[in-house]
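Peer 1: Can you read through this structure? Questions will come right after.
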Amino acid sequence: DVKVTQSSRYLVKRTGEKVFLECVQDMDHENMFWYRQDPGLGLRLIYFSYDVKMKEKGDIPEGYSVSREKKERFSLILESASTNQTSMYLCASSRGQGRDGYTFGSGTRLTVV
Amino acid sequence: GENVEQHPSTLSVQEGDSAVIKCTYSDSASNYFPWYKQELGKGPQLIIDIRSNVGEKKDQRIAVTLNKTAKHFSLHITETQPEDSAVYFCAASTGGFKTIFGAGTRLFVKA
């Protein structure tokens with residue numbers, strides 16, 4: 001069963017901490033994405049990557065960075081966590097350029113206190 | 001900017017009834033329209049998709065329709081069952097890397 005695995009299901013961090021969210025996919029997909037999910041706002045794209053070491057900003061990149069050192073792994077970094085970054089974070093991967101559906105991970109619910 | 005509007009935000013139906021969720025997109029270049037189902041505690045899962053050269057697609061109890069002129073697309077679930085209860089997201093893509101998602105519809109199927 002192919003999957004996207006997010007390392008943590010729940011995280012609680014303090015304001016100002018540096019936070020790492022990890023995502024691994026086993027489908028050899030070229031594209032990986034980080035979304036943020038908030039009630040009433042749907043899914044908003046933070047960053048995506050179409051190849052190793054390549055990254056592009058999404059719609060809400062402020063306060064975030066990403067790293068893709070290996071094809072199967074895509075990390076989201078909160079440089080200095082703030083309370084407005086409390087949210088559900090979803091990682092996804094895909095083979096095509098927006099003409100193939102995404103495979104999502106189960107999500108990481110991050111609370112910043 | 002590009003936008004996908006999704007209605008209703010909440011839908012409650014009796015088991016066995018049909019459910020319809022509607023979406024409108026703004027970018028006329030959109031050509032791929034996936035639908036995702038998100039169950040409690042899980043990530044969204046692709047359940048059906050439609051491309052711009054097709055007007056309708058069916059897969060067992062679910063179907064999607066697309067009206068490119070009106071920039072509308074809809075998800076139809078027939079003979080609903082309690083396990084259909086979930087949040088459903090529509091999305092639109094122009095074929096690039098950015099897929100725009102609707103805000104979601106929470107579907108309740110009452111037994």
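The values are calculated or read from the model by the stated rules, or taken from the named source; none is laboratory data. Predicted model only: the values in this text are computed from it and were never measured. Heads up, the Cβs are rebuilt from the backbone with ideal geometry, glycines too, and the neighbour counts pull from every protein chain shown. The accessibility values were calculated without ligands, DNA or RNA, using every heavy atom of the protein model including side chains. Shrake-Rupley method; radii C 1.70, N 1.55, O 1.52, S 1.80 Å.
Peer 1: Test of understanding: among B:V87, B:V109, B:V20, which residue is at pLDDT 95 or above, assigned to a strand (DSSP E or B) and within 14 Å of another protein chain (Cβ to nearest Cβ)?
Peer 2: Working: B:V109 fails: within 14 Å of another protein chain (Cβ to nearest Cβ); B:V20 fails: within 14 Å of another protein chain (Cβ to nearest Cβ).
Testing whether each residue is at pLDDT 95 or above, assigned to a strand (DSSP E or B) and within 14 Å of another protein chain (Cβ to nearest Cβ) leaves just B:V87.
Peer 1: Would you mention how many residues in region A:45-78 are open to solvent by 70 Å² or more (accessible area, probe 1.4 Å), within 14 Å of the chain's Cα centre (by Cα) and either within 14 Å of chain B (Cβ to nearest Cβ) or in contact (Cβ under 8 Å) with a residue 24 or more places away in the chain (or both)?
Peer 2: Within region A:45-78, the first condition is being open to solvent by 70 Å² or more (accessible area, probe 1.4 Å), and the residues that meet it are A:50-51, A:53-57, A:59, A:62, A:69-70, A:72-73.
Applying the additional criterion that residues be within 14 Å of the chain's Cα centre (by Cα) yields A:50, A:55-57, A:59, A:62, A:72-73.
Narrowing the set further to residues that are either within 14 Å of chain B (Cβ to nearest Cβ) or in contact (Cβ under 8 Å) with a residue 24 or more places away in the chain (or both) leaves A:50, A:55-57, A:59, A:72-73.
So the count comes out to 7.
Peer 1: For residues in region A:24-35 being more than 11 Å from chain B (Cβ to nearest Cβ) and assigned to a strand (DSSP E or B), which is surrounded by the fewest Cβ atoms within 10 Å (Cβ to Cβ)? It would help to see each step written out before you state the result.
Peer 2: Looking only at region A:24-35, we keep the residues that are more than 11 Å from chain B (Cβ to nearest Cβ), and these are A:24-29, A:34.
Adding the requirement that they be assigned to a strand (DSSP E or B) leaves A:24-25, A:34.
Numbers: A:V24: 18, A:Q25: 22, A:W34: 26.
Filtering first and then ranking leaves A:V24.
Peer 1: Going by the structure shown, is B:T80 out of contact with any strand residue (DSSP E or B) (no Cβ under 9 Å at 6 or more places or on another chain) and over 25 Å from A:Y89 (Cβ atoms)?
Peer 2: Working: out of contact with any strand residue (DSSP E or B) (no Cβ under 9 Å at 6 or more places or on another chain): no; over 25 Å from A:Y89 (Cβ atoms): yes.
No: the conditions fail for B:T80.
Peer 1: I've got another one for you. Looking at B:I62, is it farther than 30 Å from A:K55 by Cα and within 14 Å of the chain's Cα centre (by Cα)? Break it down stepwise before answering.
Peer 2: Values: farther than 30 Å from A:K55 by Cα: yes; within 14 Å of the chain's Cα centre (by Cα): yes.
Here the answer is yes, as B:I62 does meet what is asked.
Peer 1: Going residue by residue through region B:2-23, is there one that turns out to be among the charged types (D, E, K, R), exposed (fewer than 15 other Cβ atoms within 10 Å of the Cβ) and farther than 23 Å from B:P82 by Cβ?
Peer 2: Within region B:2-23, the first condition is being among the charged types (D, E, K, R), and the residues that meet it are B:2, B:5, B:15, B:17, B:22.
Narrowing the set further to residues that are exposed (fewer than 15 other Cβ atoms within 10 Å of the Cβ) leaves B:5, B:15, B:17.
From the residues that got through so far, the ones that are farther than 23 Å from B:P82 by Cβ too are B:5.
Within region B:2-23 (the criterion being among the charged types (D, E, K, R), exposed (fewer than 15 other Cβ atoms within 10 Å of the Cβ) and farther than 23 Å from B:P82 by Cβ), the answer is yes, since at least one residue qualifies.
Peer 1: Which numbered condition in (1) more than 24 Å from B:F89 (Cβ to Cβ); (2) surrounded by 14 or more Cβ atoms within 10 Å (Cβ to Cβ) is the only one that A:R99 fails?
Peer 2: (1)
Peer 1: Just a yes or no: is a residue in region B:25-42 surrounded by fewer than 18 Cβ atoms within 10 Å (Cβ to Cβ), under 13 Å from the mean Cα position of the chain (by Cα) and at pLDDT 95 or above?
Peer 2: No, there is no match, as no residue in region B:25-42 is surrounded by fewer than 18 Cβ atoms within 10 Å (Cβ to Cβ), under 13 Å from the mean Cα position of the chain (by Cα) and at pLDDT 95 or above.
Peer 1: Within region A:57-111, count every residue that is in a loop (DSSP other than H, G, I, E, B), hydroxyl-bearing (S, T, Y) and closer than 16 Å to B:F101 by Cβ.
Peer 2: 1
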